[in-house]
Amino acid sequence: MKLLVTGGAGFIGSNFIHHILEKYPDYEIVNVDLLTYAGNLVNLAKCQDETRYTFVKADICDVDKMNQLIADVDAIVHFAAESHVDRSIHSSAEFVRTNVIGTQVLLDAALKNGKKRFHHISTDEVFGHLGLDEPAFTEETPYDPSSPYSASKAASDHFVRAYHRTHELPITISNCTNNYGPFHHPEKLIPLAITNILEGKRVPIYGKGNQVRDWLHVSDHCTAIDLILHEGKIGETYGVGGNNQPSNLQIVQKLIALLGKKEKDVTEYVADRKGHDFRYDIDYTKIKDELGWEPSVTLDKGLADTVTWYQENEQWWKDVKSGAYQDYYKMHYK
């Protein structure tokens, strides 16, 4: 099989590319990424000389280029998205362009070039938020996005379903909870906390830190996407959760303990985010029952491994924070 992976230089996309190339020796991957701030080709340096891997710097809103690329593949796995909530609150236009229009361009190209298999990566944030004692989101939960980011992802989900219902495009969708693990951009909570502590800086905590997230190790997410792509029922949505429900403060406390620091020395409380969702949680019964998937990495093991990865890859995250990582493309592809 030959896959087009959009946004493959990002956190989850790059982990997925490594997963596929290692698991399927006869698969080829074309990675298309515009290399905005979140795209980092250093994540895929080990693939540089792999003959089954090709990188293309391009915009998913480029109609001609997407048609050209999709004509030559068997399936599309669509990760590419603007994903940082704070950035969407400050300015939402790029989120509409990439997440909505970009998805529509890809869907049109998939349709035009022989109804190519299309898997769309989405988020639990499209469902809004939960109270502390409310049951977890399911595939049937009504959409109720809170931020411009989650609204743009909700719109993209609707477009994907509409192309299946209108045109019978063979699609699947997965809505996942918060991922963590190697190559996670240090603007996000877990890598931000780890790298700030390693740098001797304080970790900012929104409000009281009592927001609750369901944490999923990125390796488990890649396994789920792999299963859905190959065995998922066409037209269906699958919720992918980690079965972990700590508060943000508890996550930071676990990281502080792993790094041998004292909470009072490394944390600071800051004003809460506008429209900050309180809790996310996904019931993954459907994917467990239908495809046999469930998370395998415990939170404690995953966090310990993640801390070790950032300790052992100091140059990677320092280059991300400084912007030096963007030189990799200039050095290797120009």
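Criterion first (under 17 Å from residue 193 (Cα atoms) and either modelled with pLDDT under 95 or not in a helix (DSSP H, G or I) (or both)) does residue 321 satisfy it?
On the way: under 17 Å from residue 193 (Cα atoms): yes; either modelled with pLDDT under 95 or not in a helix (DSSP H, G or I) (or both): yes.
In short, yes.
Considering 228, 190, which residue is within 24 Å of residue 320 (Cα to Cα) and in contact with a Phe, Trp or Tyr (Cβ under 6 Å, 6 or more places away or on another chain)?
Working: 228 fails: within 24 Å of residue 320 (Cα to Cα).
Exactly one of 228, 190 is within 24 Å of residue 320 (Cα to Cα) and in contact with a Phe, Trp or Tyr (Cβ under 6 Å, 6 or more places away or on another chain), namely 190.
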Some residue of segment 306-317 being touching a strand residue (DSSP E or B) at 6+ places or on another chain (Cβ under 8 Å) and either part of a helix (DSSP H, G or I) or within 27 Å of residue 37 (Cα to Cα) (or both): yes
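Would you check which residues across segment 111-147 are more than 30 Å from residue 245 (Cα to Cα) and either surrounded by 19 or more Cβ atoms within 10 Å (Cβ to Cβ) or basic (Lys, Arg) (or both) and list them? Steps first, please.
Going residue by residue through segment 111-147, those that are more than 30 Å from residue 245 (Cα to Cα) are 111-118.
Listed by number, the residues that qualify are 112, 115, 116, 117, 118.
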Selected residue (only one of 8, 13 is of a type outside the set (S, T, N, Q), within 22 Å of residue 228 (Cβ to Cβ) and in contact with an Asp or Glu (Cβ under 7 Å, 6 or more places away or on another chain)): 8
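Can you name every one of the helices (runs of 4 or more DSSP H) wholly within segment 193-298 that holds 1 or more residues which are at pLDDT 95 or above, of a type in the set (D, E, K, R) and within 19 Å of residue 12 (Cα to Cα)?
Numbers: elements: 218-231, 248-258, 263-266, 285-291.
Of the helices (runs of 4 or more DSSP H) lying wholly inside segment 193-298, those with at least 1 residues that are at pLDDT 95 or above, of a type in the set (D, E, K, R) and within 19 Å of residue 12 (Cα to Cα) span 218-231.
Within segment 202-231, how many residues are more than 19 Å from residue 285 (Cβ to Cβ) and in contact (Cβ under 8 Å) with a residue 12 or more places away in the chain?
First, pick out the residues of segment 202-231 that are more than 19 Å from residue 285 (Cβ to Cβ): 202-213, 217-219, 222, 226, 229-230.
Right, trim to in contact (Cβ under 8 Å) with a residue 12 or more places away in the chain and you get 202-213, 217-219, 222, 226, 229.
Qualifying residue count for the region: 18.
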Residues being surrounded by fewer than 22 Cβ atoms within 10 Å (Cβ to Cβ) and either among the hydrophobic types (A, V, I, L, M, F, W, C) or assigned to a helix (DSSP H, G or I) (or both) - total across segment 178-188: 0
Flag if residue 173 is part of a helix (DSSP H, G or I) and surrounded by 20 or more Cβ atoms within 10 Å (Cβ to Cβ): no
Of all residues making up segment 178-198, the number that are of a type in the set (Val, Ile, Thr) and farther than 14 Å from residue 312 by Cα: 2
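Condition test on residue 42, is it more than 18 Å from residue 219 (Cα to Cα) and in contact with a strand residue (DSSP E or B) (Cβ under 6 Å, 6 or more places away or on another chain)?
On the way: more than 18 Å from residue 219 (Cα to Cα): yes; in contact with a strand residue (DSSP E or B) (Cβ under 6 Å, 6 or more places away or on another chain): no.
So residue 42 does not fit the description; no.
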Conditions (1) surrounded by 18 or more Cβ atoms within 10 Å (Cβ to Cβ); (2) over 22 Å from residue 186 (Cα atoms): number failed by residue 294: (1)
Segment 93-121 residues that are at positive phi, paired with ones that are in a helix (DSSP H, G or I) (beta carbon under 8 Å, 6 or more apart): 115/167
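The values are calculated or read from the model by the stated rules, or taken from the named source; none is laboratory data. In this text the structure is predicted, and so the values were computed from the model without any measurement. Here Cβ is always computed from backbone atoms with ideal geometry, including for glycine, and neighbour counts include all displayed protein chains.
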